[in-house]
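Visitor: Dumping the structure here so I can ask a few things about it.
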Amino acid sequence: MHASQSAHLDDHADGLGSHAFRETAMTYVAALIALGTAILARHVLSPWIGATLPFVTVLGAVAAAACLGGYRPAALVAVLGYALSAWLLVPDHAVPSNASEFGGWLGLAAYLLTCALIVGFVEMARRRHAADREARAVQRAALRNVEEAVVTANAHGWVTSMNPVAERLTGWREIDAIGQPIDVVVRLMDASTGTPIGSPAALGIDQDCVMVGLARRTVLVSRHGTERDVDESTVPLRDGQGFQTGIVMILTDTTESRREERERQAQLRELRRRASIVEASSDAIVVTGMDGTIVTWNTAATRLFGHADALGKHVSLIVPRQRVAEEAAILGGVLAGCRTEHYETECLRADGQRLIVSLSISPIRNERGQVTGAGLIARDVTRQRHAEQRDRALLAQAIAEKKSLAEDLQRLAEALSERDRYKNA
């Protein structure tokens, strides 16, 4: 496996080397073609310009060679061009052979200096262009990996580039958007007023500052008419001298986050509404976690059980000692998903007084349906039960008294009957 990979890498390196050689060879061939064209053009111009400016067209070939391949092919063209021009076109301007030919040496020096200046300027331009091209390539690669939509525009407000995220949000392909006004490609609207935000000044062109949040809520309208909530910011682009050359607009799609925020706000309002209902309820409402810790304790619970600081404590503080096991079993069943309604038991007040309460206990579930705690609704039925006990006692007493009276009447009737029998006898 290692040997095959090494062979593959060697083949790849050989391929790259042969490709580079072909490119270099083609560059030199193109440079020589440019030189031949320059010599031919100079020959055609000879009837009109004569022997003056013998190397003028060669200088153009030198510039072309420098543009094509840099200083090496340009140097070759400069040397060959001088020799060929001096030999073929202007024999009197051949290469000087002695110091007496001062004019020839001066012309050669001027020619070489001109070629050097041309090659130097062209080489500087090539390197600057290569650096700009590399910077743009790095910028494009970086922009393609960011999650935000990025659109750049020049000082006139025309789009110069956009990344794939911007293409998806705006509905424009980069090839179609380049050269278009940025306010046409990036159509922003103030959601609260419905007015467009699209002037060059509003988008940050000719503004010497970073601009964030053009409206309280900004909507991006795509090319196809769909609307997305976005957060936008605009950063000026400057050249090496500090002059603004354009802008970079960064758009972050906030549609989902704002939808989630609206849902959270709705849930919060619902929770507040429920909390107000719980707080205003005349029944004691207690919510515990899975471990029995009290997390909700309304005002009615404080009135009923007498504990003002029950939050964070265990629910067993309202359970008599002899009923702890019973209450734990009931609470465990509820936490397992069961529901208990109107279960009467005894509870304990903070002052030690025992209460008879009617309990309804339900499991509390989260949005995934998992049980996260228990909710208890307690109603004090102590007075009712005591009243019922008194009523039962009075009823039993009345029944007993009625039974005793009936027995007395029975005995009286029997006595009268016995007396009547004796009297008749």
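Computed from the coordinates by the stated procedures, all read-outs in this text should not be read as laboratory data. Because the structure is predicted, anything quoted here is derived from the model rather than measured. Note: ideal-geometry Cβ built from the backbone for every residue, glycine included; neighbour counts use all protein chains shown.
Visitor: Just the ratio, please: alpha-carbon radius of gyration of segment 145-191 over 2.2 N^0.38 Å, N its number of residues.
Guide: Values: Rg = 10.2 Å, N = 47, 2.2 N^0.38 = 9.5 Å.
Dividing the Cα radius of gyration by 2.2 N^0.38 Å gives 1.07.
Visitor: So if each residue of separation counts as 0.36 nm, and I subtract the Cα-Cα distance between Leu40 and Arg128, what length gain in nm does that give?
Guide: On the way: separation 88, 0.36 × 88 = 31.68 nm, distance 3.22 nm.
Length difference between fully extended and current span is 28.5 nm.
Visitor: Give the Cα extents of segment 282-380 along the principal axes, in whole Å, largest first.
Guide: Dimensions of segment 282-380 along the principal axes of its Cα atoms: 40, 24, 22 Å.
Visitor: Stretched out fully, how many nm does the piece from Arg272 to His314 gain, at 0.36 nm a residue minus the Cα gap? Each step should come with its number before you reach the end.
Guide: Working: separation 42, 0.36 × 42 = 15.12 nm, distance 2.45 nm.
Taking Arg272 through His314 to full extension adds about 12.7 nm, to one decimal.
Visitor: What ratio of Cα Rg to 2.2 N^0.38 Å holds for segment 227-320? Could the numbers behind the result be given before it?
Guide: Numbers: Rg = 26.1 Å, N = 94, 2.2 N^0.38 = 12.4 Å.
Cα-based Rg divided by the globular estimate yields 2.11.
Visitor: So how much slack lies between Arg383 and Asp291, counting 0.36 nm per residue of separation and subtracting their Cα-Cα distance, in nm? Write out the running numbers ahead of the final one.
Guide: Values: separation 92, 0.36 × 92 = 33.12 nm, distance 3.21 nm.
Taking Arg383 through Asp291 to full extension adds about 29.9 nm, to one decimal.
Visitor: As an exercise, use a Förster radius of 56 Å and the Cβ-Cβ distance of Leu394 and Asn366 to find the FRET efficiency, rounded to the nearest 0.05.
Guide: 0.65
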